[in-house]
Amino acid sequence: LVPLARPALAQSWPSRPITLSVPFAAGGPTDVMARLLAQRLAVSLGQSVPVENLGGAGGIVGTEKLSRARPDGYTIGLGHMGTHAANPAFYKSLPYNPLTDFEPLCSVGTNPMIAAARPGLAKTVAELRDWVAKNPGQLTLANAGTGSVSFLGGLLFDRVISARSTMVPYRGAAPALQDTMNGVTDAIVDQAVTVIPQARGGTIQALAVAMPQRLPQLPDVPTAAEAGIPDFSIAVWNGAYAPKGTPEPILAKLAEAFSAALDDEALSKQFTEYAVLIPPRAERGREPLRRLMQAEVPRWEKLARDAGVEKQ
Ligand code: MLT
């Protein structure tokens with residue numbers, strides 16, 4: 001029965017809402033991108049696309065749930081360089097395998113990271129270094145949990161400013177950023193998508209952009225090299241995934257729907273405002289995302305090993 005049922009299922013798909021899972025708290029970078037994409041997916045697929053947030057453990061909780069979801073095209077999700085590449089390097093027994101438990105659908109954008117401090121702590125990296133020198137080992141870095149990209153960016157930043165920081169985990173970058181804005185934690189390395197609006201509003205002090213060029217959205221914020229930390233370079237790729245075993249015709253439709261969403265003029269304008277770089281068509285499909293992950297998983301294993309990271 002099953003082989004007969006599958007084409008029938010694929011033909012009538014989608015006949016009900018499609019859940020887009022986000023393995024981090026609402027209001028964070030992954031969530032912001034998911035909600036913008038969901039609006040366009042809903043139009044092109046003719047069904048509503050509710051976003052479901054399930055944060056925790058560096059994205060593991062929600063990503064594991066996605067890996068175990070029924071592979072019928074009604075549950076899909078976003079993941080990124082942390083959940084789908086770096087996490088195996090940080091955990092002894094990750095409850096999913098990014099390379100074998102998912103069907104990659106589409107790369108959905110790359111976002112630079114920005115180091116930012118709580119208001120009043122420091123206006124520049126040099127000032128932060130002075131503070132660290134006067135308060136050795138006291139800096140707290142908020143992040144979305146071990147293996148999340150705010151954690152990876154935080155580790156790198158800690159290293160380049162030699163701070164020996166304490167990493168403070170949250171269920172997503174949104175509560176981590178919020179606590180830094182409120183002065184509960186000292187600093188954060190987060191994606192541009194959520195730092196830009198806060199830095200513009202003055203609720204957080206952006207210190208350095210982790211890329212070679214300044215961002216037009218934050219023209220006064222120096223690049224890492226200008227701030228004296230040239231090795232602070234990190235950008236986050238994001239991808240859309242379905243659980244392994246989702247029927248081929250549904251995968252093809254989903255991949256095309258994501259790609260069409262990225263071509264949407266209004267979405268591309270919003271992504272550009274948030275400094276999310278949309279991959280060209282040739283680099284965003286299922287195979288390019290699979291190849292990216294095949295390169296990224298061993299790259300992070302090596303980076304973590306070379307950095308002496310002990311898996312937890
Ligand atoms: C989020 O959406 O909360 C972030 O992508 C989490 C992270 O820093 O990896």
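The values are calculated or read from the model by the stated rules, or taken from the named source; none is laboratory data. In this text the structure is predicted, and so the values were computed from the model without any measurement. Reconstructed Cβ throughout: ideal geometry from the backbone, glycine too, with neighbour counts over all protein chains shown. Surface areas here come from the heavy atoms of the whole protein model, side chains and all, with no ligands, DNA or RNA. Shrake-Rupley method; radii C 1.70, N 1.55, O 1.52, S 1.80 Å.
Remarks
- Residue match in segment 122-131 (condition: hydrophobic (A, V, I, L, M, F, W, C), more than 25 Å from the chain's Cα centre (by Cα), surrounded by 24 or more Cβ atoms within 10 Å (Cβ to Cβ) and away from the ligand (no atom under 16 Å from the Cβ)): yes
- Any hit, segment 55-68, residues being modelled with pLDDT under 95 and more than 16 Å from the ligand (Cβ to nearest atom): no
- Contacts under 9 angstrom Cβ, first residue in segment 117-131 being at positive phi, partner surrounded by fewer than 17 Cβ atoms within 10 Å (Cβ to Cβ) and modelled with pLDDT of 95 or more, 6 or more apart: Gly120/Gly183
- From the list Phe24, Phe102, the lone residue that is buried (at least 21 other Cβ atoms within 10 Å of the Cβ), more than 27 Å from Met181 (Cα to Cα), of a type in the set (Phe, Trp, Tyr) and touching a helix residue (DSSP H, G or I) at 6+ places or on another chain (Cβ under 9 Å) is Phe102.
- Check on Ser12, away from the ligand (no atom under 16 Å from the Cβ) and either open to solvent by 30 Å² or more (accessible area, probe 1.4 Å) or among the polar types (S, T, N, Q) (or both): yes
- Within segment 35-53, tally of residues that are open to solvent by 50 Å² or more (accessible area, probe 1.4 Å) and more than 18 Å from Val193 (Cβ to Cβ): 6
- Lone unmet requirement of (1) within 12 Å of the ligand (Cβ to nearest atom); (2) open to solvent by less than 10 Å² (accessible area, probe 1.4 Å); (3) over 16 Å from Asp31 (Cβ atoms); (4) touching a strand residue (DSSP E or B) at 6+ places or on another chain (Cβ under 8 Å) for Phe151: (2)
- Selected residue [free of Cβ contacts under 8 Å to residues at least 24 places away in the same chain and touching a Lys or Arg at 6+ places or on another chain (Cβ under 8 Å)] from Asp186, Asp158, Asp220: Asp158
- Selected residue (criterion: nearest to the ligand (Cβ to nearest atom)) from residues of segment 154-174 that are buried (at least 16 other Cβ atoms within 10 Å of the Cβ) and part of a helix (DSSP H, G or I): Ala173
- Selected residue (criterion: farthest from the chain's Cα centre (by Cα)) from residues of segment 72-95 that are open to solvent by 10 Å² or more (accessible area, probe 1.4 Å) and closer than 24 Å to Pro50 by Cβ: Asp72
- Among the residues of segment 284-293, none qualifies, meaning not one is in contact with a Pro (Cβ under 9 Å, 6 or more places away or on another chain), closer than 25 Å to Ala192 by Cβ, of a type in the set (Gly, Ala, Ser) and free of Cβ contacts under 8 Å to residues at least 40 places away in the same chain.
- Pairs are defined by a Cβ separation below 9 Å, a sequence spacing of at least 6 or placement on different chains, a first member in segment 31-51 that is more than 26 Å from Asp190 (Cα to Cα), and a second member that is acidic (Asp, Glu) and assigned to a helix (DSSP H, G or I); the pairs so defined are Ser44/Glu256.
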